[in-house]
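Working notes for the structure below.
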Amino acid sequence: MTLIELLQALIRIPSPNPPGDTRDIANYVADWMRGIGCTVSMPAPEVKPEAVNVIATLGSGDPVIMLHAHIDTVPIAADEAQHWHVDPYAAVIENGRIYGKGSVDDKAPLAAMMHAMAKIASTGGTKRGTIVLVAAAEEEVGGRLGTRWMADNGHLPMCDFIIVGEQTHNRVATAHKGVVRATVRATGRSVHATNPDRGVNAIAAMARAVLALEQYHRDLSQRVHPIVGVPTCNVGVIQGGSTANAVPDSCVAYLDRRMIPGEDPAVVQRELSDVVAGVNAAPASLSVGDFLVSNWFSSSVDSLLAKSFLDAVQTELGADPGPVGYLPGSDAKHLTGVTRGEMVIFGPGSYEVAHAFDEYVEIGELQATSSIIKRFMTQTLNGGEPL
Amino acid sequence: MQSLTVGTASAEPGTRVRGVIPVTNLPGGRPLDIPIIVIHGAQPGPCVWVDAVIHGDEPEGTLACHIVDSRLDPAAMRGSVVLVPVLNVPAYEAAQRGNPLDTFSYDLNRIYPGKADGYLTERLAHKHSVWLREVATYEISIHSGGAHSYLSETIFATTDEKAIELAQAMGRDWKLILKSFLPKGSPPAVMYEAGKQGITVELGGRPATSPADFDRCGRVLADGIMNVLRHYKVIDGAPTYADTWHTGVQHALLAPVSGLFLAEPRLQVQVPMKQGDLIARIVDVYGDLLTELRAPVDGMIFGLRALPNVQTGDWCCFYAEIQGELSRAF
Ligand SMILES: [Zn+2]
């Protein structure tokens, strides 16, 4: 089976999340990996037994190298379906691209990893060390019941190097931002609009809070991370009032605060509380809460394994391998507890075409991804001194 | 200046002492020792440690140690040299790759840093590592193609500048420096983990054991070690360097079928080849062609198997994928 055929097969097994039922695709991946000689397990959490993961192991001993990709995709939104120019689950090839939901995010890196492992297995396996493929469920909804659950429940081995497959145009990404989501509430007093001065307008209070948060966003640009840039704060949704002829007594805004590596989520929450507390909104009151944290990720690339990986990218692409940043989040943040080495994010294509209609992966990039991973594994696990 | 001690050998500044690193006793009552020569310079400087016969069928390094020993005058040295002419003594006695007395840890070059309470060869590796870590600034592991192959002048080194410098210090004869991505289980791995530099150098093997060939291998290796000593100013004299250094990665070309391995008669080591160039034919007992072995990528051969009769899965050819040239690391 060629790499292209493998990716087409994976795209043709829908795995949208929600609902996040990965049983079919997990079975396919598990059978395929058993077929090339891997030992396979398929753990799933009790609270969501249909969110099945696959862990396939080749070889034994140190070093342990993990290849991680997720098998769930975002669902096709109602207004998205009509924009697709092909069937999103048909895996159509056109102009050197494979189109399909999940084609680039994240079935392309998954296929590249599976195919590279098959190549290693068919040429005698690893002379030393272990390769572990993790095909994870639940990434698209935060990974709590997928990779985080596997890491916390002892399903994942301690690794010396981890490659998390996501869309980096085959450059080596060593950092991504984290997110703090929060809700800001303004509370006032409702009266009829014929005499608004007798009431307390929650929308007006929220307006001041939004401006303060905008200033906070500008101030954040003083903090710069060399790879992922600056932290940000964005008010994305605002809801308040019910009719034009009443003073609104409540207004709610939802914000998204991106953290750069090194920022402490607890400190960020305190900063948001301080910004809101500093707004002169009396007699209305303002509060911020409902914090949801998804952490940042950052790694060095100083180890021999990381250098070998950078070398493999450099050799195959003939271009600067990085490191670069990756803007969206990934399951990498859940894997920091199972690595005694370093971790990179790496894969074909762009995250900008993920989560959208006409998602595709360039076949050339897909093949380069697989060649790089194969080269890396060959030169580290089967290379070195001959005699 | 203090004396320099390795095992039972304690050398005052400006002197040369022979001794052993004791390992254990064998069932017949003989001790298992590692012979060593400690040559301690009159002035301070780095310690260059040379290991020969990690594999018992690779005696080129022993000859090289003898030549280096004969050329050095400790009174004129800044720094010191430790020579281990025969590291794996039981394997050397048996002229085999591994230690025949050890069923469980046969290949010494895969088990470093060894174990104090391990199998026989693990104990030998452990005792060796302890002194290596303690004493050596730079380590050179000498290997060859042994009984099964011939290898041309080739160095394996990690990709950091200090290791490349040590490799380049081997001098004008050593133009091929291959990448060792994950030194593990070998003396250079012990050095790497201790934050120091070790390299593996390969030259010789069964097809080069005629009087002239074996002598040449010993001398080229010894010249390289002397050049390293000049480069790090342990001894006087101007070091030489290769004009260019090719770098890349090793490809293991294994026999796809059993048969008679007939390498192309005009094939030469370390001459550039193109992907797809014919390396060898493998024929069956009747002379009928079974398969052809071709260059997997652009690169060069740096070694070939010794005996033409080959079985499936055996090493046939040591092929270097050439990825570019190295610039001077110093
Ligand atoms: Zn050897």
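The values are calculated or read from the model by the stated rules, or taken from the named source; none is laboratory data. Keep in mind that this is a model prediction, so the values were computed, not measured. All Cβ positions, even for glycine, are placed from backbone atoms using ideal geometry, and neighbour counts span all protein chains on display. Note: accessible area is taken over every heavy atom of the protein model, side chains too, but ligands, DNA and RNA are not part of it. Shrake-Rupley method; radii C 1.70, N 1.55, O 1.52, S 1.80 Å.
Looking across segment B:245-268, the residues that are aliphatic (A, V, I, L, M) and more than 14 Å from chain A (Cβ to nearest Cβ) come down to B:VAL257, B:LEU260, B:LEU262, B:ALA263, B:LEU267.
This table checks each residue for (1) of a type in the set (A, V, I, L, M, F, W, C); (2) open to solvent by 60 Å² or more (accessible area, probe 1.4 Å); (3) modelled with pLDDT under 90.
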site: A:VAL235; (1), (2), (3): yes, no, no
site: A:ILE238; (1), (2), (3): yes, yes, no
site: A:ALA246; (1), (2), (3): yes, no, yes
site: A:CYS251; (1), (2), (3): yes, no, no
site: A:VAL267; (1), (2), (3): yes, no, no
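Yes or no: segment B:103-110 includes at least one residue that is more than 14 Å from every other protein chain (Cβ to nearest Cβ) and away from the ligand (no atom under 16 Å from the Cβ). Yes, there is a match, as at least one residue in segment B:103-110 is more than 14 Å from every other protein chain (Cβ to nearest Cβ) and away from the ligand (no atom under 16 Å from the Cβ). When we screen A:LEU335, A:LEU327, A:LEU317 for residues that are within 13 Å of the chain's Cα centre (by Cα), open to solvent by 30 Å² or more (accessible area, probe 1.4 Å) and among the aliphatic types (A, V, I, L, M), the only hit is A:LEU327.
Here B:ALA147 meets each of (1) open to solvent by 10 Å² or more (accessible area, probe 1.4 Å); (2) more than 16 Å from the ligand (Cβ to nearest atom); (3) part of a loop (DSSP other than H, G, I, E, B) with one exception, condition (2). Of all residues in segment B:142-166, those satisfying the criterion of being within 8 Å of chain A (Cβ to nearest Cβ) and under 30 Å from B:ASN309 (Cβ atoms) are B:HIS143, B:SER144, B:GLY145, B:GLY146, B:SER149, B:LEU151, B:PHE156. For segment A:321-340, the count of residues that are assigned to a helix (DSSP H, G or I) and either within 14 Å of chain B (Cβ to nearest Cβ) or charged (D, E, K, R) (or both) is nonzero.
Can you go through B:ALA212, B:ALA222, B:ALA169 and tell me which one is more than 24 Å from B:GLY45 (Cα to Cα), more than 11 Å from chain A (Cβ to nearest Cβ) and either open to solvent by less than 50 Å² (accessible area, probe 1.4 Å) or not hydroxyl-bearing (Ser, Thr, Tyr) (or both)? Checking each option against the conditions leaves just B:ALA212.
For the structure I just gave you, tell me whether B:ILE199 is without any contact (Cβ under 8 Å) to a residue 40 or more places away in the chain, open to solvent by less than 50 Å² (accessible area, probe 1.4 Å), of a type in the set (Val, Ile, Thr) and in a strand (DSSP E or B).
Answer is no for this residue.
Just one of the listed residues (B:VAL84, B:VAL68) is within 16 Å of the ligand (Cβ to nearest atom), under 16 Å from the mean Cα position of the chain (by Cα), buried (at least 24 other Cβ atoms within 10 Å of the Cβ) and closer than 23 Å to B:MET170 by Cβ, namely B:VAL84. Filtered by the rule that a residue be touching a Pro at 6+ places or on another chain (Cβ under 8 Å) and open to solvent by 20 Å² or more (accessible area, probe 1.4 Å), segment A:100-127 gives no residues. Checked against (1) out of contact with any Leu (no Cβ under 8 Å at 6 or more places or on another chain); (2) away from chain B (no Cβ under 14 Å), A:GLY61 passes all but a single condition, namely (2).
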